[in-house]
Each structure stands twice: as structure tokens, then as C-alpha cells.
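Worksheet for the structure shown next.
The values are calculated or read from the model by the stated rules, or taken from the named source; none is laboratory data. These numbers come from a predicted model, not from an experiment. Here Cβ is always computed from backbone atoms with ideal geometry, including for glycine, and neighbour counts include all displayed protein chains.
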Amino acid sequence: MSNNVIDAKMLSKMFLSGAKNLEAKKEWINELNVFPVPDGDTGTNMTMTIMSAAKEVSALNDSASMEAICKAISSGSLRGARGNSGVILSQLLRGFTKVVKTNDEVNVQILAEAFDKAVETAYKAVMKPKEGTILTVAKGASEKAHELAVEGTEDIEFFCAEVIKYAEEVLSKTPDMLPVLKQAGVVDSGGQGLVQVLKGAFDGYLGKEIDLSINEESATPVTKNEVQEEADIKFGYCTEFIVLLSKPLNVKQEIDFKNFLESIGDSIVMVADDEICKVHVHSNDPGLAIQRALMYGQLSNMKIDNMRMEHREKLFHENNDGSWAEIKTEINGAAELTPTYLPGDDIPLGDKVEMIDEAASNEPRKEIGFVTVCAGSGLADIFRGLGVDYVIEGGQTMNPSTADILDAVAKVNADTVIVLPNNKNIILAANQAAIMCEDGDEDKKIVVVPSKTVPQGITAIINYVPDVPVEDNVAAMTDAISTVNTGEVTYAVRDTVIDDVQIRQGDYMGIGDSGILSVGSGIEDVAFEMLSKMMNEDLELISVYYGEDVEEKDAEALKERISKEYPGCDVELQFGGQPIYYYILSAE
């Protein structure tokens, strides 16, 4: 291949190399979090976003076209996008592939155009772009790419080296653009993540030895180890196949298919492009998955493994004190309990499918439904008690992806679903879900109320009024969250200085809407001081939510202390059960 062009095979290699390099550096990037709190997740969010795309790219064959690879990159990253940094990365990839996909080979001129489109697409996705972030680094790389193209540069190796060099230079200047970065002594974490993607892609181009294999753990949240005792094998048949699609799946069909697979099993992996859909599921009735898949096209590469049998065979070879005859008898006995179907069998629809469909059809469709995000059993119960239909477990350290939000919305039988992100790092993913839902499902609409904290989300849902037009409700809920002051108490994971406040590793910190409000060695003292800086004479209600690591008696003592200090306010104490944050306080 000429040193002046990149073909489809090389693009695939470069993208996977970039993804793997980001994955290798994710913990380092997490540590660049400005606030020294134990929830730095930029590296994790960006890695899970790009690995969602890498999983789809790696599923393609070696002869895949440029268009197929670009579609896998774009659609995979969009569905897997998590957190602000992940959403911005997905938009950069989306814009880049819009230009590249129409070419069989890519030269410097096309790469420069793709960089421009990437930056344009990402900036459009952010309502108020802030300089000194991943956007600034991307723009710098784009400007350098454009400059090199205008100068007539044709050598791609030289082009890539110069673009990365300039991107690193821009990254090093991000502390000068955002004072908070300078004070914390770090560069922007999202920008660093982007640079690592570019450097990894360049390593792939240069032919460096890189393990390009993509494992499931890289692209999905950590789940229980599949090496289990047989008693723990809930679903006995590992089922894999490829659907040769009669037509491309739209967003709604993808969500419906995935939801169906989740209803009959676990360990779900589903990757689709315009022509094929690859499916992996652990189920007790593989026939149900196969029957459903036949709705979308023909099947190939079907494989069904009995995991219980494999487990027993493994035990037989490891333990020589039992007879094969006894084990075989046990296997035959177990097989009679679980019906299975092999490729080519005439598979009837079972009662299980009828029960699922009947339950869905019997539930009356509502005009308005609610999906919210929070971490902590107590907080989830509070939202459910206020009428929320579906609670996504997440928040700091585990931002849900765009696909997670779409999946949750699909489970709510309503014409319009109001989503409460309750975290500023989830709002972009929620907005992206709204756009994708609008493109794929004309019968359902997502509206995002941009709540940045859990107390804001609770206030929003309290201000919802049934039988009022959705537009009026959303306006009232959005207005209501602006009246809520929130503070959270956690601990510092490193020494730093923020807003001229010296923070030592292990200190407790009270973080308000505008930054650090208190620092000290006592949890309740820090919470009380934080609240004192949140208060003003117009506030009437103080809510205290205590976390999973706080004793109820300590929380009660804090409530009494607050009640004595602010006798004119109602003080409510509730168990939140949230991790990481000892207390979440609100004043409104």
C-alpha cells in the first residue's frame, strides 16, 4: 500500500489500535480529574464508548468495505456513548466517518476534510462549548491537518506525526485556558484521551505489534464471572448466530430485539449493521431466540453449547474419583428438564413468548412516563414512590450509555418519556438518546429535563402536574430545578489546591453547585459547614440524604444540629444509600 493513502483494512487496524491504546491508559486518564474525588471516570467513559465501536469493527471480516467499517465505528460509538467525554468522542467519530465512508482510499486531503467535519459535528452537539477541553484539542488537530493539506503534504506518516505533535501542544496549554486545570496541576482529561486515541492509531499505521483482540469486558460493564459452579448457571445454553438481515434494523427494532433477548436469558451481545446482526445469548430455550431472529432475516453460523454439560465434563476430567457413567446419567436427567431446539427443527412459539407479549399488551399506554438515573437503593425507592416508571442505576463512576437510556425508555409504555439525568455528565447522553429515538420511533418521544443533581431530579418530579400539556410541565420542572441548591460530601483521593483551598488526601470535602465549599477531618462538620454556605434567607426546606457508609444515628444527629441552627426551615432526613458520597444535601 502506498504511503500516501489509507485503505479500509488499514483504517480498521488504526481504529482498533487507537481504541486499545485508550483502554490501556484509562486509569491514568481517570486520575486527571480536576476534583480529587473518588469518581474520576473520563477514561472509563471514553474507553467504554470507543470499545462499543471497536467490538462492532472487530466483528467485521477482513474484506469489509470502508463504508461498513465507518458505519460500525459511528453506530457503535453512538450507542455506547457514556458521559460528556464519551458523547463528544462519539460525535467526533461520527463526523470523521461521514467524510471517510464515501472513499475506497483516504489521502491527506480527505483526512483533513474528515478532521474538519469531526470538529464541526462535535461542537454542534455541545450547547455551550468550553475551551480548554477535548473540543479544543480536536480543533487544534483539525487546524494542523488543514494547514498540512494546504501546504501540499502527501506523506501520511509525516501528516499523522505532525497532527499528533500539535494536538499534544494544544493539550499542554489547556491549563492556561481553564484556571481550574492549572490550579489542580492537570491537563484536560478528555483531551488527553483523544490524544491517546490518535497516538494508538498512528502506532497501528506504523505496524507496531499491538494486540487488536477486543474482549467483551472492554465494551460492557463488569458482570459476574462466567466460570461458575453449575448451581450458579441460571441459563444453560450458550447460543450464537448471525442474522442475514432482510433490511436494516431501525433503532426501535434493535431495542425491541435486545429487550426480548434479555427477557429470556443473559450475557447478551448484539451487534448490527445494515446487512447482518450478530447475536450471543445464554438461555434455557435457544429456540425462542432463533424464532425471534427469523422475523428479521435468514440465519447462519448457528452454534448452541450446553454449558452445564461442559461444566460436568470439566469436573470429570479434573476429578477422577467419579465415574463417567454417573455423570452421563446426571447430564441426561438434566437435559430432560430443559427443552432445546437445533438448527432446522420446526420450532413452535412457546408459552413464555405469549406471556411476555400478553403482559405488554395488557398494560395501558400512558401519555407521560418517567425515566431517572441515580445510585443508591434509598434514592431509587424515593423516585419510584414519586411515580417514576424506570430507574437506571448509575451516576458518578458509572454513567449510563445512550443505549442504556434508550433501553430504559423502551420499557416505559408511554407516548412521551421524560428523562431526568440527575448528573451534568449524563445530560449529553440523554440528549443523544432523544435524537436517536426521534429518528427511529415515531410513536415515542423523549424529553430531557436537564437535572444536574439527584435533589434537582426529585424537585422536578414533585413539580409535575398530571393533565397539563407536556410542554408546560417540562417548562415548570426545568424552572423548579433552578431553585435547588445542592451539596455533596465525599473524600479526597490526592493532595491538591482548588479555589485557593488546600486539600490533603483523605480530607472530607463539601462540594456545592459552584465548587468546593468546605474541607475538614469530620464528615458531619464538613456537611454542616457546606450547608451554611448554601443557605440564604429565602430558603425554606432542607433535605438530607445519607449514604451507604453513614450510620443512621450520625445522620439523625446532623439533622438535629441543622434544625437548631435553622429553626425557620423544615428539615427532612432520608436514607439514600448512595455510594461515594456520605451526604447529599439540598436547600430550596
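Structure data summary
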{"read-out": "Residue check, M66 of a type in the set (A, V, I, L, M) and modelled with pLDDT of 90 or more", "value": "yes"}
{"read-out": "Residue match in region 436-448 (condition: surrounded by fewer than 21 Cβ atoms within 10 Å (Cβ to Cβ) and within 30 Å of Y582 (Cβ to Cβ))", "value": "no"}
{"read-out": "E113 vs. criteria assigned by TED's automatic domain parsing to the domain that holds L171 and under 30 Å from V186 (Cβ atoms)", "value": "no"}
{"read-out": "Test: residue in region 243-264 that is among the β-branched types (V, I, T), in contact with a Cys (Cβ under 8 Å, 6 or more places away or on another chain) and modelled with pLDDT of 80 or more", "value": "yes"}
{"read-out": "Every residue from region 509-525 that is more than 23 Å from N425 (Cβ to Cβ) and not in a strand (DSSP E or B)", "value": "S521, G522, I523, E524, D525"}
{"read-out": "Unique match (being under 25 Å from M398 (Cα atoms), outside the structural domain of Q432 (by TED's automatic domain parsing) and β-branched (V, I, T)) among V100, V119, V87, V150", "value": "V87"}
{"read-out": "Matching residues, region 69-87, being modelled with pLDDT of 90 or more and of a type in the set (A, V, I, L, M)", "value": "I69, A72, I73"}
{"read-out": "Any hit, region 52-71, residues being under 30 Å from D500 (Cα atoms), in contact (Cβ under 8 Å) with a residue 40 or more places away in the chain, touching a Lys or Arg at 6+ places or on another chain (Cβ under 8 Å) and not assigned by TED's automatic domain parsing to the domain that holds L249", "value": "no"}
{"read-out": "Matching entry among E537, E560, E529, E556 (being surrounded by 15 or more Cβ atoms within 10 Å (Cβ to Cβ), without any contact (Cβ under 8 Å) to a residue 24 or more places away in the chain and not in a strand (DSSP E or B))", "value": "E529"}
{"read-out": "Residue ranges of helices (runs of 4 or more DSSP H) in region 347-440 with at least 2 members modelled with pLDDT of 85 or more and under 18 Å from V87 (Cβ atoms)", "value": "402-410, 427-440"}
{"read-out": "Where a residue in region 10-34 is outside the structural domain of D104 (by TED's automatic domain parsing) and of a type in the set (V, I, T) and its partner, wherever it lies, is at pLDDT below 90 and in a helix (DSSP H, G or I), with Cβ under 9 Å and at least six apart", "value": "none"}
{"read-out": "Unmet requirement for G394, which otherwise passes all of (1) more than 24 Å from K128 (Cα to Cα); (2) out of contact with any Pro (no Cβ under 6 Å at 6 or more places or on another chain)", "value": "(2)"}
{"read-out": "Restricting region 120-156 to residues that are of a type in the set (A, V, I, L, M, F, W, C) and assigned to a loop (DSSP other than H, G, I, E, B), the residue that is surrounded by the most Cβ atoms within 10 Å (Cβ to Cβ)", "value": "V126"}
{"read-out": "Verdict on I164 being outside the structural domain of N431 (by TED's automatic domain parsing), surrounded by fewer than 19 Cβ atoms within 10 Å (Cβ to Cβ), part of a helix (DSSP H, G or I) and touching a residue at least 12 places away in the same chain (Cβ under 8 Å)", "value": "yes"}
{"read-out": "Residue count for region 287-308, restricted to those that are part of a helix (DSSP H, G or I) and either aliphatic (A, V, I, L, M) or modelled with pLDDT of 85 or more (or both)", "value": "8"}
{"read-out": "Top-ranked residue of region 462-476 - restricted to ones that are surrounded by 15 or more Cβ atoms within 10 Å (Cβ to Cβ) and of a type in the set (A, V, I, L, M), ranked as farthest from S543 (Cα to Cα)", "value": "V470"}
{"read-out": "Subset of region 162-190 (residues that are under 25 Å from G200 (Cα atoms) and of a type in the set (D, E, K, R))", "value": "E162, K165, E168, E169, K173, D188"}
{"read-out": "Selected residue (only one of V489, V465 is outside the structural domain of F257 (by TED's automatic domain parsing) and outside any strand (DSSP E or B))", "value": "V465"}
{"read-out": "Residue under evaluation E105, criteria (1) more than 17 Å from A167 (Cα to Cα); (2) touching a helix residue (DSSP H, G or I) at 6+ places or on another chain (Cβ under 7 Å), criterion not met", "value": "(2)"}
{"read-out": "Unmet requirement for G506, which otherwise passes all of (1) crowded, with 22+ Cβ neighbours inside 10 Å; (2) assigned to a loop (DSSP other than H, G, I, E, B)", "value": "(1)"}
{"read-out": "Residue that is modelled with the highest pLDDT, among those in region 211-232 that are surrounded by 17 or more Cβ atoms within 10 Å (Cβ to Cβ) and in a loop (DSSP other than H, G, I, E, B)", "value": "I214"}
{"read-out": "Yes/no for Y566 being outside the structural domain of G378 (by TED's automatic domain parsing), surrounded by 12 or more Cβ atoms within 10 Å (Cβ to Cβ) and farther than 17 Å from V489 by Cβ", "value": "yes"}
{"read-out": "Selection count, region 533-562, where residues are over 13 Å from V489 (Cβ atoms) and of a type in the set (G, A, S)", "value": "2"}
